[in-house]
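The values are calculated or read from the model by the stated rules, or taken from the named source; none is laboratory data. Only a predicted model underlies this, so the values are computations on that prediction, with no experimental measurement involved. Here Cβ is always computed from backbone atoms with ideal geometry, including for glycine, and neighbour counts include all displayed protein chains.
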Amino acid sequence: MSQPEFTEEIVSAKEAENNARRERLMRRSSNMANIMDPPPNFPPECCCIKPLIYHNIKLQIPVPYQRFMYTICGLYISLIGLILYNIVASTVVLIYGGSMMHFGLSWVYLVGLPGGWVVWYYNTYLVFTEASSVRRIAAIVGLLVGAVYDAWMAIGLTGFGGCGWVITIFSIHSTIPFIFLLVSAILWTLHAVTFFIMFFRFIKISSNIEQDRRNIYRDI
């Protein structure tokens, strides 16, 4: 009768030992993950907003592509400024008798702030950190959408919220709105031209990354 009790004690002790070992391994894995994965730093913590991802061009992007990525980052930051200035220009036009619809739609383009990040900037960023074919396709499509968005804003049809060349030409007889609109049209045009240049550069650069990845796998 003592033998089964002794066996049950051994089994229970072994299970407790295995559970303790499993917990130690889980803690160790968690600690290793915390060490290897840097803490999120973007977006900057403000009010109720907390960082969601880690973003560091200098540490995560390969050196040969850092200059390109800094340019893309500059395009995104300047896009923020352009969208805000577009609202200012639309406000000036409204004050001087412009369209209320044009003013209202200029606020809709604020969707370009998170949209630009999600659609083209972060996808492009991840191409250099993950070297994924799917991510490359997403980045190409996203950059094309961003370039078309810039072109649309540079055209600037009257009543559609964009302060580009068309509405500027129609406002030529009103000096103050014309000045604001002219600045906006020029800036959108410069941004669009730069964006298209970087779009075609990305296609070339990302194809080189894809080829390098294939060569690595072939060598293995």
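Just one of the listed residues (116, 104, 162) is in a helix (DSSP H, G or I) and surrounded by 20 or more Cβ atoms within 10 Å (Cβ to Cβ), and it is 116. Taking the criterion of being surrounded by 18 or more Cβ atoms within 10 Å (Cβ to Cβ) and not hydrophobic (A, V, I, L, M, F, W, C), the residues of the stretch 165-194 that qualify are 168, 171, 177, 184, 189, 191. Within the stretch 121-144, one or more residues are surrounded by fewer than 18 Cβ atoms within 10 Å (Cβ to Cβ), farther than 22 Å from residue 84 by Cβ and touching an Asp or Glu at 6+ places or on another chain (Cβ under 8 Å). Listed by first and then second residue, the pairs linking a residue in the stretch 147-165 that is hydroxyl-bearing (Ser, Thr, Tyr) to a residue that is surrounded by fewer than 19 Cβ atoms within 10 Å (Cβ to Cβ) and not in a helix (DSSP H, G or I), with Cβ atoms under 8 Å apart and 6 or more places separating them unless they lie on different chains, are 158/99. In the stretch 52-73, is there at least one residue being surrounded by fewer than 16 Cβ atoms within 10 Å (Cβ to Cβ), part of a loop (DSSP other than H, G, I, E, B) and of a type in the set (A, V, I, L, M, F, W, C)? Among the residues of the stretch 52-73, at least one is surrounded by fewer than 16 Cβ atoms within 10 Å (Cβ to Cβ), part of a loop (DSSP other than H, G, I, E, B) and of a type in the set (A, V, I, L, M, F, W, C), which makes the answer yes.
Checked against the criterion of being in a helix (DSSP H, G or I), touching a Pro at 6+ places or on another chain (Cβ under 8 Å), of a type outside the set (Gly, Ala, Ser) and in contact (Cβ under 8 Å) with a residue 40 or more places away in the chain, the stretch 125-135 contains one or more residues that satisfy it. Among the residues of the stretch 104-156, those identified as of a type in the set (D, E, K, R) and either modelled with pLDDT under 95 or out of contact with any Phe, Trp or Tyr (no Cβ under 7 Å at 6 or more places or on another chain) (or both) are 130, 135, 136.
Scanning the stretch 62-89 for residues being of a type in the set (Val, Ile, Thr), in contact with a Ser or Thr (Cβ under 7 Å, 6 or more places away or on another chain) and in contact (Cβ under 8 Å) with a residue 40 or more places away in the chain gives a total of 1.
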